[in-house]
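Here is the structure we will look at.
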């Protein structure tokens, strides 16, 4: 059995380009006792993967050159020598960026039987959804009375975060990069949506949308967004720092906000987090999220690229704002 | 009875200059029933006062033009129509920057009878000491196993913070602005002291002093210090943000650190605080601090300017690093 994989040819300098990647076809080994052959149906591309393309020590090791990339995927067992994963089992794994793989059971999770499409296990019910929930609840201590600012609000994490906050009864102020994305969020019931590319002063736009001030900022962007949040947060406000996508492709580091003294005057709490530190709470999260998805209280959209040869374009598209909701690649 | 007061003539632009201040002699009113006449013996000058010289909304109202400045002071009741404060009572108040004042009992605190010099109630046993303790304990969650980085470590807050952390059994890395100040801290048992003006790369100097990394950073300075702390903090490190004195006299805002993405990768918690939010814990703090002072486990130094006409010079000196320990003005 052959597998087509995407490998990292060279480390991107600045914005990733197609040259940094290549397709490779490999022959998979024969199944050994305990192993399964999985055909991936969906794979995920996520902004955090940009960080793994840099050769540095971090919370997760960097991708190796000439090796296949990794990431979330869901697929189906098509041959099995493991009775826990019979043929037909649907599984999620971190072995995306390839059409097929052979694996022992370790690292495979059987998808629960729910009236929810498989691809949501890479989105609202998977890592991005759990990220949104972790930033709002264990990190951000979301309260019903909060006014919550969410940036990159039409992305996989942001769009789910908006809807979780709305379900909690909070007031949501969302920022996005196009009028289409803004309309899309408004259709989900988010009242205050700002197109940061056309709004003029972001601080003034947020202050106008939330004259009562911001209590919790879900940070996905960095840069001007962080400056505007520091300006508009209330005393004892919180920032859950999930990402700073505006800076992931910087070749020269961008200076931070000039208004950090607000941290003192407003007694702000700023806390960075990574979803993997919160997996222990996945059961609690998924119970709520599955219910919300089934009831339509979270609408999980995705932007789909078709085929393993489009995986690189899907990934690069993340940094060009080409996705509304979760960016996915359909493999089969 | 006359009182000599320091009034704010104009709002400083950038570094405060003597022109921004003036002395005024006023005639105090006759004592009414319930009032006392206080002769101030010591007054405090503190960096936070710079913030009150700016006309803006903040956690404390700005100083008014042509009105006397305010700040911590300790003095003695020299005439009294209030039986709770008989003549001879020693009191602390927020009515510094003047030689005498008339006041009702409100806002006066009787000094406890302890074998501790009065001026320490403006320093280690007063606002600066309580600030150090609040940043380390309720905000910073100091642990014995921590390596603690403290900036402006020879100042009123920093020098006490160093010694509290040392008393807790923590490893302390301190930064100061002169070799004399460094020697002074080493004499108090602080092993790792860095002169940031001569050390070259501050990040490298901290990493060399603490190869195990920093767990808690007590932030008094901002700018390059914050950058270096973000570089050297361990995962799940904390920053207690007390002040950013390097920026208080900026006329153009200084950009922040370019390495804020460390907040995510290291899951840092950054929390700003103001001592007045923690006064409820003063009794707990002062019990420990009084004991430490009596036992010599905190050595509280001060730099003393003499006379109300030197108060302005003492205040301006804070921004020139002229103090070792608490900056005080002796009034009588």
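The values are calculated or read from the model by the stated rules, or taken from the named source; none is laboratory data. The structure presented is a predicted model; accordingly, all values stated were derived computationally and were not measured. Neighbour counts run over all protein chains shown; Cβ positions are idealised from the backbone, glycine included.
Every listed requirement among (1) touching a residue at least 12 places away in the same chain (Cβ under 8 Å); (2) farther than 22 Å from residue B:137 by Cβ; (3) under 21 Å from the mean Cα position of the chain (by Cα) is met by residue B:173 save one, (2).
Has the stretch A:229-252 got any residue that is touching a strand residue (DSSP E or B) at 6+ places or on another chain (Cβ under 8 Å), in the same structural domain as residue A:172 (by TED's automatic domain parsing) and surrounded by fewer than 21 Cβ atoms within 10 Å (Cβ to Cβ)? Yes, that holds for at least one residue.
Given the criteria closer than 30 Å to residue B:179 by Cβ, at pLDDT 95 or above, within 21 Å of the chain's Cα centre (by Cα) and within 12 Å of another protein chain (Cβ to nearest Cβ), does residue B:239 qualify? Full working, then the answer.
Details: closer than 30 Å to residue B:179 by Cβ: yes; at pLDDT 95 or above: yes; within 21 Å of the chain's Cα centre (by Cα): yes; within 12 Å of another protein chain (Cβ to nearest Cβ): yes.
Yes: the conditions hold for residue B:239.
Here residue A:181 fulfils each of the conditions (1) closer than 23 Å to residue B:271 by Cα; (2) away from chain B (no Cβ under 12 Å); (3) assigned to a helix (DSSP H, G or I) apart from (1). The single residue among B:179, B:146 that is assigned by TED's automatic domain parsing to the domain that holds residue B:229, within 18 Å of residue B:202 (Cβ to Cβ) and in contact with a strand residue (DSSP E or B) (Cβ under 7 Å, 6 or more places away or on another chain) turns out to be B:179.
If I filter the stretch A:259-285 down to residues being closer than 30 Å to residue A:115 by Cβ and surrounded by 20 or more Cβ atoms within 10 Å (Cβ to Cβ), which single residue comes out as farthest from the other protein chains (Cβ to nearest Cβ)?
A:285
Those residues that are in a strand (DSSP E or B), away from chain A (no Cβ under 12 Å) and touching a helix residue (DSSP H, G or I) at 6+ places or on another chain (Cβ under 9 Å), I need them from the stretch B:208-219; list them, please. Before the answer, list the steps.
As a first pass, look at the stretch B:208-219 and keep what is in a strand (DSSP E or B): B:214-219.
Within this subset, residues satisfying the condition of being away from chain A (no Cβ under 12 Å) are B:214-218.
B:214, B:216, B:217, B:218, listed by residue number.
If you check residue B:152 against the conditions, is it at pLDDT 95 or above, over 17 Å from residue B:44 (Cβ atoms), buried (at least 24 other Cβ atoms within 10 Å of the Cβ) and not assigned by TED's automatic domain parsing to the domain that holds residue B:48? Show your work before the answer.
Numbers: at pLDDT 95 or above: yes; over 17 Å from residue B:44 (Cβ atoms): no; buried (at least 24 other Cβ atoms within 10 Å of the Cβ): yes; not assigned by TED's automatic domain parsing to the domain that holds residue B:48: yes.
Considered against the rule, which asks whether it is at pLDDT 95 or above, over 17 Å from residue B:44 (Cβ atoms), buried (at least 24 other Cβ atoms within 10 Å of the Cβ) and not assigned by TED's automatic domain parsing to the domain that holds residue B:48, residue B:152 comes out as no.
The combined condition, being farther than 30 Å from residue B:227 by Cβ, surrounded by fewer than 17 Cβ atoms within 10 Å (Cβ to Cβ), at pLDDT below 95 and away from chain B (no Cβ under 14 Å), is not fulfilled by residue A:297.
Can you go through A:193, A:221 and tell me which one is under 21 Å from the mean Cα position of the chain (by Cα) and closer than 14 Å to residue A:171 by Cα? Let's see the steps before the verdict.
Values: A:221 fails: closer than 14 Å to residue A:171 by Cα.
Step by step, each of A:193, A:221 is checked, and only A:193 is under 21 Å from the mean Cα position of the chain (by Cα) and closer than 14 Å to residue A:171 by Cα.
Residue B:174: away from every other protein chain (no Cβ under 12 Å) and either buried (at least 23 other Cβ atoms within 10 Å of the Cβ) or in a loop (DSSP other than H, G, I, E, B) (or both), yes or no? The answer is yes for residue B:174.
Reported count of residues in the stretch A:1-18, each being under 26 Å from residue A:249 (Cα atoms), part of a loop (DSSP other than H, G, I, E, B) and either modelled with pLDDT under 95 or more than 21 Å from the chain's Cα centre (by Cα) (or both), is 6.
Checking A:160, A:148 one by one, the residue that is part of a strand (DSSP E or B), in contact with a helix residue (DSSP H, G or I) (Cβ under 6 Å, 6 or more places away or on another chain) and more than 14 Å from every other protein chain (Cβ to nearest Cβ) is A:148 and no other.
Report yes if residue B:256 is at the interface with chain A (Cβ under 9 Å from one of its Cβ atoms), free of Cβ contacts under 8 Å to residues at least 40 places away in the same chain and more than 24 Å from residue B:121 (Cα to Cα), otherwise no. In short, yes.
For residue A:167, the conditions (1) in contact with a helix residue (DSSP H, G or I) (Cβ under 7 Å, 6 or more places away or on another chain); (2) at pLDDT below 95; (3) surrounded by fewer than 17 Cβ atoms within 10 Å (Cβ to Cβ) all hold with the exception of (2).
Evaluate the stretch B:28-39: report whether one residue or more is in contact (Cβ under 8 Å) with a residue 24 or more places away in the chain and at positive phi.
Taking the stretch B:28-39 first, the residues in contact (Cβ under 8 Å) with a residue 24 or more places away in the chain are B:28-29, B:31-39.
Within this subset, residues satisfying the condition of being at positive phi are B:34.
So far as the stretch B:28-39 goes, yes, one or more of its residues are in contact (Cβ under 8 Å) with a residue 24 or more places away in the chain and at positive phi.
Of the residues making up the stretch A:132-140, none is part of a loop (DSSP other than H, G, I, E, B) and more than 22 Å from the chain's Cα centre (by Cα).
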